[in-house]
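Here the structure comes first, spelled out in structure tokens, and everything after it is commentary.
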Amino acid sequence: MSGVLRLDAVTKEYPRTGVAVRDVSFAVDKGEFVFLTGPSGSGKSTLLKLLSFAERPSQGDVKVSGFSSATLRDREIPQLRRRLGIVFQDFRLLTDRTVEANVAFALEVTGAAAGTIGTKVGRLLTQVGLASKATAMPHELSGGEQQRVAIARALANDPFLLLADEPTGNLDERATRGIVQLLREINALGTAVIMATHDLSLIMRSGYRYLELERGTLLYDGTDARRLTRHQ
Amino acid sequence: MRLAMREALLAFRRAPLLSALGITTIAFSLFAFGLFGLVTINIRDALRAVEDRVELRAFLVDGTTEDALATAMGDIGAFPEVREVGYVSSDSALVRSREELAEFSDVFDASVLPASIEVRLREGQRDPVTVQAVADRIATYPFIDDVRFGLEWVTKLYAVRTAAVYTGIGLGIVFALVAVIIIGSTIRMAVLARAREIEIMRLVGATNGFVRLPFLIEGTLKGMLGGVLAVGMAYLAHTAVSRMLFETVFFTPAQVGIGIAAGAALGFLGSLLSVGRHLRAVWRDA
Ligand SMILES: Nc1ncnc2c1ncn2[C@@H]1O[C@H](COP(=O)(O)OP(=O)(O)OP(=O)(O)O)[C@@H](O)[C@H]1O
Ligand SMILES: [Mg+2]
């Protein structure tokens, strides 16, 4: 078993709001698909931020790939980010440029050779099913399509881990299913996926492993979907 | 690099007024340096011309013996500050006085001109303090009646030059500080205008250096433009003075180059000082 990431007794305390994540430990293996759930404010986003090193733990150790929060210096964070894909509920596309320019941006700013970018962007857009909308502007796309663009961008540097913070939070049922299907395809190609969601039915249908947080503590880590029916 | 360049140029279009303001203050900062630099250079040239003519003239008491005179001239000629010593007889003094410098004319009584020793100093030894010191030493010879020299002129020119240097440096520094602050705030605007891009750059793993680069290029370009503008203004001032008042010299190409490079450095410094701080503010919620 090769680990993609491991948290050891991680606590995150914010100066004004207090403890957001408390003594959380878990590990994720290569190619796994893990859901992250829990009520609003339970610490899901904080946990994902710890994994992308947007935040540092107050206590404990976060290890992602070879990088450890104990030793990683700020200037080394970009190295890690290049190996991660990150998507959000609000897509975060650059609204002043086309779909393909949005995807190309991730390659341009990480120093990809100019000659390779066009081909790569075409391939990524095909992978997310948007090849025909390459020259559209983001506002001309549906929410589901915009999220696909964001996913294509996240895949630009071939991540070993994709972090998705409620990627379907703004989408209707059909678009949600499409995005989850896409994430499963990506996962099938070997990228580990951690997806935060409020949508318990998604977890139940998938049968995948899920982590449940409550007020910052890890309440459950496993695949027993029947627990969730009690929540509903 | 090309991307960074493009982004930097975009910033000019986004905030043209603030950009122009930044460029102008840099230009004024360098112009202040430059103008007083020009004054200094021109005074230096004038000083050199005057200094070449600065000589000490030691008038001899009537009836000084040839022997004493020869010994004294030998002594004085051996002073480290002295380049040349000459003897001017009573007769030749009269002839020469007509061709002499205006500033020395008052020295001579038109009818009776005593014989004198003429002392020329080495270059670099012609400042007022040295001239006075040498004069004092020569005056100790018993047969020397009086030592005269164009001290007033030299002193005045030196004073003007010193004032020009300090004024130039003082004004230049004030403008430079203002320029750094203004460049800093244009960078702040530029950072805020590009907050989304910066956030995405950070998200996908662009290095800090890469994120900073467009802002540093922007600042440096503005500084360079400011430098060019300053050179232009200084040139106008130089031509105006030359045409209307008196002939002046302008900077050498190397000095012009230094001026533009100084502008670039100012712009770079201004952006470097502010970009880190403002980027951190934008990055907080990435
Ligand atoms: N940048 C921050 N500064 C201070 N406190 C924060 C910050 N981000 C989150 N918190 C606090 O940490 C706690 C957990 O927030 P977090 O965003 O991780 O919850 P979440 O599970 O993602 O919630 P939601 O489902 O609403 O997105 C909250 O109490 C919140 O106030
Ligand atoms: Mg959240």
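Residue count for the stretch A:186-216 satisfying the condition of being over 17 Å from A:V87 (Cβ atoms), within 12 Å of ligand 1 (Cβ to nearest atom) and crowded, with 16+ Cβ neighbours inside 10 Å: 4. In the set (1) in contact (Cβ under 8 Å) with a residue 24 or more places away in the chain; (2) within 16 Å of ligand 1 (Cβ to nearest atom), the condition left unmet by B:L216 is number (2). Being more than 8 Å from ligand 1 (Cβ to nearest atom), basic (K, R), farther than 18 Å from A:I86 by Cβ and surrounded by fewer than 19 Cβ atoms within 10 Å (Cβ to Cβ), is that true of even one residue in the stretch A:7-20? No: the stretch A:7-20 contains no residue that is more than 8 Å from ligand 1 (Cβ to nearest atom), basic (K, R), farther than 18 Å from A:I86 by Cβ and surrounded by fewer than 19 Cβ atoms within 10 Å (Cβ to Cβ).
Considering the stretch A:20-41, the residues that are out of contact with any helix residue (DSSP H, G or I) (no Cβ under 6 Å at 6 or more places or on another chain) and of a type in the set (V, I, T) include one that is farthest from ligand 2 (Cβ to nearest atom), namely A:V28.
Set side by side, the residues B:A240, B:A176 differ, and just one is assigned by TED's automatic domain parsing to the domain that holds B:A20, in contact (Cβ under 8 Å) with a residue 12 or more places away in the chain and not hydroxyl-bearing (S, T, Y), which is B:A176.
The single residue among B:L203, B:L272 that is in contact (Cβ under 8 Å) with a residue 12 or more places away in the chain and farther than 27 Å from A:A101 by Cα turns out to be B:L272.
Scanning the stretch A:48-78 for residues that are β-branched (V, I, T) and either within 16 Å of ligand 2 (Cβ to nearest atom) or more than 14 Å from every other protein chain (Cβ to nearest Cβ) (or both) yields a count of 2.
The residues on offer are A:L171, A:L183, A:L163, and the sole one that is under 13 Å from the mean Cα position of the chain (by Cα), buried (at least 18 other Cβ atoms within 10 Å of the Cβ) and within 16 Å of ligand 2 (Cβ to nearest atom) is A:L163. Please tell me if A:T17 is within 14 Å of ligand 2 (Cβ to nearest atom) and modelled with pLDDT under 95. In short, yes. With respect to (1) in a loop (DSSP other than H, G, I, E, B); (2) in contact with a strand residue (DSSP E or B) (Cβ under 7 Å, 6 or more places away or on another chain); (3) without any contact (Cβ under 8 Å) to a residue 60 or more places away in the chain, the lone exception for A:D224 is condition (2). For the stretch A:140-159, the count of residues that are of a type in the set (A, V, I, L, M, F, W, C), away from chain B (no Cβ under 13 Å), surrounded by fewer than 20 Cβ atoms within 10 Å (Cβ to Cβ) and assigned to a loop (DSSP other than H, G, I, E, B) is at least one. One residue alone among A:L125, A:L171, A:L162 is assigned to a strand (DSSP E or B) and on the phi < 0 side of the Ramachandran plot, and that residue is A:L162. Taking the conditions (1) within 14 Å of chain B (Cβ to nearest Cβ); (2) in contact (Cβ under 8 Å) with a residue 60 or more places away in the chain; (3) more than 9 Å from ligand 1 (Cβ to nearest atom) in turn, A:S45 satisfies each one other than (3). Within the stretch A:151-168, the set of residues being within 10 Å of A:Q89 (Cβ to Cβ) and among the aliphatic types (A, V, I, L, M) comprises just one member, A:A164. Set side by side, the residues A:T71, A:T11, A:T46 differ, and just one is polar (S, T, N, Q) and part of a loop (DSSP other than H, G, I, E, B), which is A:T71.
For the stretch A:79-133, filtered to residues that are at the interface with another protein chain (Cβ under 10 Å from one of its Cβ atoms) and of a type in the set (D, E, K, R), the residue that is farthest from B:A195 (Cα to Cα) is A:R83.
The values are calculated or read from the model by the stated rules, or taken from the named source; none is laboratory data. Please read all numbers here as calculations on a predicted model, not as lab measurements. Here Cβ is always computed from backbone atoms with ideal geometry, including for glycine, and neighbour counts include all displayed protein chains.
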